[in-house]
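The values are calculated or read from the model by the stated rules, or taken from the named source; none is laboratory data. What you see is a predicted model; the values in this text were computed from it and never measured. For neighbour counting, all protein chains shown are included, and Cβ atoms are generated from backbone atoms with ideal geometry for every residue, glycine included. Just so you know, the surface numbers come from the protein's heavy atoms only, side chains and all, with ligands and any DNA or RNA stripped out. Shrake-Rupley method; radii C 1.70, N 1.55, O 1.52, S 1.80 Å.
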Amino acid sequence: MSNSIQEQYSPVAKFFHWITVLLIIAQCTIGWTMPDVDDLQSPEGLVSLHISVGMLILLVMLARLVWRLISPAPKPLHTRVTLTVIAAKFVHGGLYLLLAISPILGWMNAAERGWNLSFFGLMQLPAIFPANSDLLATIGDWHIASVWALLALIGLHVCAALYHQIILKDGTLTRMLPSSNR
C-alpha cells in the first residue's frame, strides 16, 4: 500500500522516534553493565553516564511531547475503531508515560542517595527528592519496575510494527522509517 505525504510522520517526529530508540538501547546497555549502585557513595563512571543519558531521554521526551502537541501524528491507516486501534493508543500512551516516569524515578533515587548529580559534567542537576528518606529502596524498585514495563511495551510496539509489515502489509511501519518518502 502506498502512503501519501500526509500519511507520513514528519522528519522531526521520525528524528525523535529514532533518537529515542538509540538512547534506550544505550541506556539499557549502560544500566545492565554498570556496577550495583547500592555499593556507591557517589555516581561515577557508567553510573554517572547512566544518569546523564536518563536526563537526556527525559529532555528528548519533553521535546517530543511538545512536538506532538503542535504537530499531531498522521491519522491511522485504519480508521475503524477496533481492539487493535485501542491497544495501539494504550501502548503509545504508555510508552510516552514510561519514557518520562522512568528517568524521573531514577533521578529521584539518585537524589535520595544524597548524590551530587551532573548532566554529562556540564551542569549540576538539582535534587528533586530529599536525601536519605525512608523510600530509598521503594523508589529504586519503582524505577526498575518502570523500566521492565517500558521494555514490555517496547516489545509489544515492535511486534505490532512487524505484524503490520509482514502480515497486514499495510505500510504502517514504513511511515516511521527514516528514508520513507512514499
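Need pairs with beta-carbon distance below 8 Å; first residue more than 16 Å from Ile57 (Cβ to Cβ) and in contact (Cβ under 8 Å) with a residue 40 or more places away in the chain and within region 110-125, second open to solvent by 50 Å² or more (accessible area, probe 1.4 Å) and part of a helix (DSSP H, G or I); sequence gap 6+ or separate chains.
Arg113/Leu136
Would you mind finding the one in Asn181, Asn109, Asn132 that is assigned to a helix (DSSP H, G or I) and either at pLDDT 90 or above or not β-branched (Val, Ile, Thr) (or both)?
Values: Asn181 fails: assigned to a helix (DSSP H, G or I); Asn132 fails: assigned to a helix (DSSP H, G or I).
Checking each option against the conditions leaves just Asn109.
Name, by its number, the condition in (1) more than 23 Å from Leu162 (Cβ to Cβ); (2) more than 13 Å from the chain's Cα centre (by Cα); (3) buried (at least 18 other Cβ atoms within 10 Å of the Cβ); (4) not polar (S, T, N, Q) that does not hold for Arg68.
(3)
This table checks each residue for (1) closer than 24 Å to Ala127 by Cα; (2) at pLDDT 95 or above.
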residue	(1), (2)
Pro35	yes, no
Asp38	yes, no
Val47	yes, yes
His50	yes, yes
Leu58	yes, yes
Leu62	yes, yes
Leu69	no, no
Pro74	no, no
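Of the conditions (1) open to solvent by 50 Å² or more (accessible area, probe 1.4 Å); (2) in contact with a Leu (Cβ under 6 Å, 6 or more places away or on another chain), Pro76 satisfies every one except a single condition; which number is it?
For Pro76, the exception is condition (2).
Say whether the condition of being open to solvent by less than 60 Å² (accessible area, probe 1.4 Å), out of contact with any Pro (no Cβ under 8 Å at 6 or more places or on another chain), part of a loop (DSSP other than H, G, I, E, B) and more than 21 Å from Lys14 (Cβ to Cβ) is met by at least one residue in region 80-103. Break it down stepwise before answering.
Going residue by residue through region 80-103, those that are open to solvent by less than 60 Å² (accessible area, probe 1.4 Å) are 82, 85, 87-88, 91, 93-96, 98-100, 102-103.
Narrowing further to those that are out of contact with any Pro (no Cβ under 8 Å at 6 or more places or on another chain): 82, 87, 91, 93-96, 98-100, 102-103.
Next, only the ones that are part of a loop (DSSP other than H, G, I, E, B) stay: 82.
If we keep only those that are more than 21 Å from Lys14 (Cβ to Cβ) too, we end up with 82.
The answer is yes, given that some residue of region 80-103 is open to solvent by less than 60 Å² (accessible area, probe 1.4 Å), out of contact with any Pro (no Cβ under 8 Å at 6 or more places or on another chain), part of a loop (DSSP other than H, G, I, E, B) and more than 21 Å from Lys14 (Cβ to Cβ).
Of all residues being of a type in the set (Ser, Thr, Tyr) and within 23 Å of the chain's Cα centre (by Cα) in region 115-148, which is surrounded by the most Cβ atoms within 10 Å (Cβ to Cβ)? Just the residue, please. Steps first, answer last, please.
Within region 115-148, the subset of a type in the set (Ser, Thr, Tyr) is 118, 133, 138, 146.
Going one step further and asking which of them are within 23 Å of the chain's Cα centre (by Cα), we end up with 118, 138, 146.
On the way: Ser118: 15, Thr138: 12, Ser146: 20.
So, considering only residues that are of a type in the set (Ser, Thr, Tyr) and within 23 Å of the chain's Cα centre (by Cα), the one surrounded by the most Cβ atoms within 10 Å (Cβ to Cβ) is Ser146.
Kindly list, by first and then second residue, each pair from a residue in region 60-75 that is touching a residue at least 60 places away in the same chain (Cβ under 8 Å) to a residue that is of a type in the set (Ser, Thr, Tyr) and surrounded by 12 or more Cβ atoms within 10 Å (Cβ to Cβ), limited to pairs with Cβ atoms under 7 Å and residues at least 6 apart or on different chains.
Ser71/Ser10; Ala73/Tyr9; Pro74/Tyr9
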